[in-house]
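To keep things clear, I will list the structure first and then write my remarks on it.
The values are calculated or read from the model by the stated rules, or taken from the named source; none is laboratory data. The shown structure was predicted, so the numbers you read here are calculated from the model rather than taken from an experiment. Cβ coordinates were reconstructed from backbone atoms using ideal geometry, including for glycine residues, and neighbour counts include every protein chain displayed.
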2 protein chains.
Amino acid sequence: MTFTARLSHAAGVINPRLHKLLTPGEHFGPPKRLANAMQYAVLNGGKRFRPFLVLESARLFGVSAEQAQDTACALELVHSYSLIHDDLPAMDDDDMRRGQPTVHKAYDEAMAILAGDALLTLAFEVLGSPQCHPSAVVRSRLVLELAQAAGWAGMVGGQVLDLAEEKAEKVPRLGVIQRIQSMKTGALLEFACAAGPILGNAGEQAEGHLREYGQAIGLAYQISDDLLDLKGDAELVGKATRKDQAAGKATVIARIGLEKTLRLLDDLEAAAIEALKPFGDAAETLREAARFISRRER
Amino acid sequence: MTFTARLSHAAGVINPRLHKLLTPGEHFGPPKRLANAMQYAVLNGGKRFRPFLVLESARLFGVSAEQAQDTACALELVHSYSLIHDDLPAMDDDDMRRGQPTVHKAYDEAMAILAGDALLTLAFEVLGSPQCHPSAVVRSRLVLELAQAAGWAGMVGGQVLDLAEEKAEKVPRLGVIQRIQSMKTGALLEFACAAGPILGNAGEQAEGHLREYGQAIGLAYQISDDLLDLKGDAELVGKATRKDQAAGKATVIARIGLEKTLRLLDDLEAAAIEALKPFGDAAETLREAARFISRRER
């Protein structure tokens, strides 16, 4: 299967499972409006790139899609919550997301905050459930790793730094930009790639390789997102574009220019592919993913 | 030791540990301002009633304070995050909390949302860490239970229902009020009481008794909070009081009147004490806690 076939195959595995996880049980369930807002935010045609990475990195170590799907879903729930909160008026103040009104527009601000909170919490409920993986050691490891990736020294910390840089007068140094991006976007992508060896009990060395791969594609992903924004086609992206420049976002392109950015993207692609060397042909889909990320906007 | 001595003893155990957990490591830590906001929200002289319940319920089953403290801290982190988000302008819009400006007043709204998100995430990082408990089965169980108590069918769901009832024209039925309260406040208190038998591997029956106790004091706690609010002494409580009536909050008192409410409080106290019967003298402090809750505002 090619990368795009694998990607849509992953979405085909993940979407029904997300739907199930977001359908409350009969007895003493959550309020309907809350469950609706959570479903609205998650079941919206997302590409499921993070779940795809979980399934693919798991497959490398003989872990079936069925055994990896709940970890993949938990990660997607965390990603979805972060989008809801990032879109809030107090943050990026976005009205549209994937061509639909954002949650605080479709519902209200209180519901957007609470739906985000509930999705984040549900992610850990999913990882803590025996259904997720038969080994409690693995489950508890996944909880720890996802919490670290998503928390104060990871995604949330990156968002705090990002908001602070927006207010700053000048473009920060490249190292600062990359630190922000590796926290804000990279940490979850690294978790996605590390999840495979964790689920498969593959050991530290294998996990190290997958983390290297995850870090490289994480930085590449953010850069190609910024390139997308620069080329700006609102219809294509389904959200407001060219907003970065207007908001004074700290992007790599703003710091080192387009030409050097494209070279950096090549280097990151090479580093990602290099990290997969030990896994031979089995890692071909992940290699294709790295190529896709670094080339999607040229 | 009496109940109040035990309560302040618990705070003496928990506060230094919370301080430690909220102090970032040296390498690639979280942004300082974020860590400061999180500390500001948590290390503010709270009574640590939930951690107290964890330590006491653990002690019943021979679990030391040292072995129970991280679970107690995780719960307090979740409680603290919920207060930050509840105080936001889009929710209860409170400017003061425990005599101090709320987080969105002391910092800003974005930081309040993110500090709350980070505290919730940190709670699961703490529970997922091997330091929390040597058994991964116990850790993963604690993650599942806390997530269920705090999530869409628990605390967050209760807040959604509570906000909806505030907008409604008439006072809801007693059953509805109690369902909201048992979700919004009760679920975390029940978790606190169930944590002891979970940490001590005490089995289903013991856990059942502690849950019954937790449910009874959970409802009593909310009622006595409402009584406190009714008697309203802003200086004493350190936050705006008599707000419930103004906001049209669905309280038990508003539904069944003061006299019946006081009788209900007596029944809940009796039920809580009855649930502790199997544990004899060892449960005396928890009994005192039940008495304290139902009588603190008479």
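Values for this structure:
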{"quantity": "Test: residue in region A:137-146 that is among the basic types (Lys, Arg), touching a helix residue (DSSP H, G or I) at 6+ places or on another chain (Cβ under 6 Å), modelled with pLDDT of 95 or more and under 22 Å from B:Ala123 (Cα atoms)", "calculated": "yes"}
{"quantity": "Residue check for B:Ala164: surrounded by fewer than 22 Cβ atoms within 10 Å (Cβ to Cβ), farther than 10 Å from B:Gly218 by Cβ and free of Cβ contacts under 8 Å to residues at least 60 places away in the same chain", "calculated": "yes"}
{"quantity": "Filtered residue count, region A:121-144, keeping only those that are over 18 Å from A:Cys193 (Cα atoms), assigned to a loop (DSSP other than H, G, I, E, B) and more than 7 Å from every other protein chain (Cβ to nearest Cβ)", "calculated": "4"}
{"quantity": "Members of region A:2-57 found to be assigned to a loop (DSSP other than H, G, I, E, B), crowded, with 18+ Cβ neighbours inside 10 Å and more than 14 Å from chain B (Cβ to nearest Cβ), listed by number", "calculated": "A:Gly46, A:Arg48"}
{"quantity": "Conditions (1) facing chain B (nearest Cβ under 8 Å); (2) surrounded by fewer than 17 Cβ atoms within 10 Å (Cβ to Cβ): number failed by A:Ala118", "calculated": "(2)"}
{"quantity": "B:Gly128, sole failed condition from (1) in contact with a Leu (Cβ under 9 Å, 6 or more places away or on another chain); (2) touching a residue at least 40 places away in the same chain (Cβ under 8 Å); (3) closer than 18 Å to A:Glu125 by Cα", "calculated": "(2)"}
{"quantity": "Residues (within 16 Å of A:Lys20 (Cα to Cα) and crowded, with 24+ Cβ neighbours inside 10 Å) located in region A:58-68", "calculated": "A:Ala68"}
{"quantity": "In region A:270-298, the residues that are among the basic types (Lys, Arg) and within 22 Å of A:Gly62 (Cβ to Cβ)", "calculated": "A:Lys277, A:Arg287"}
{"quantity": "Candidate set: region A:193-227, residues that are hydrophobic (A, V, I, L, M, F, W, C) and over 15 Å from the mean Cα position of the chain (by Cα); chosen: the one modelled with the lowest pLDDT", "calculated": "A:Leu227"}
{"quantity": "Helices (runs of 4 or more DSSP H) contained entirely in region B:240-298, each with at least 1 residues that are within 30 Å of B:Gly203 (Cβ to Cβ), modelled with pLDDT of 95 or more and among the polar types (S, T, N, Q)", "calculated": "B:284-295"}
{"quantity": "Residue that is farthest from the other protein chains (Cβ to nearest Cβ) [pool: residues in region B:77-104 that are touching a strand residue (DSSP E or B) at 6+ places or on another chain (Cβ under 8 Å) and not β-branched (Val, Ile, Thr)]", "calculated": "B:Asp95"}
{"quantity": "Qualifying position, being touching a helix residue (DSSP H, G or I) at 6+ places or on another chain (Cβ under 7 Å) and hydroxyl-bearing (Ser, Thr, Tyr), among A:Thr23, A:Thr4, A:Thr71", "calculated": "A:Thr71"}
{"quantity": "Residue identified as closer than 18 Å to B:Asp117 by Cα and either among the hydrophobic types (A, V, I, L, M, F, W, C) or modelled with pLDDT under 95 (or both) among A:Ala106, A:Ala41, A:Ala65, A:Ala72", "calculated": "A:Ala41"}
{"quantity": "Residue satisfying condition, being more than 8 Å from chain A (Cβ to nearest Cβ), part of a helix (DSSP H, G or I) and crowded, with 24+ Cβ neighbours inside 10 Å, within set B:Ala206, B:Ala147, B:Ala194", "calculated": "B:Ala194"}
{"quantity": "Residue in region A:135-142 that is over 14 Å from the mean Cα position of the chain (by Cα), among the basic types (Lys, Arg) and surrounded by fewer than 21 Cβ atoms within 10 Å (Cβ to Cβ) present", "calculated": "no"}
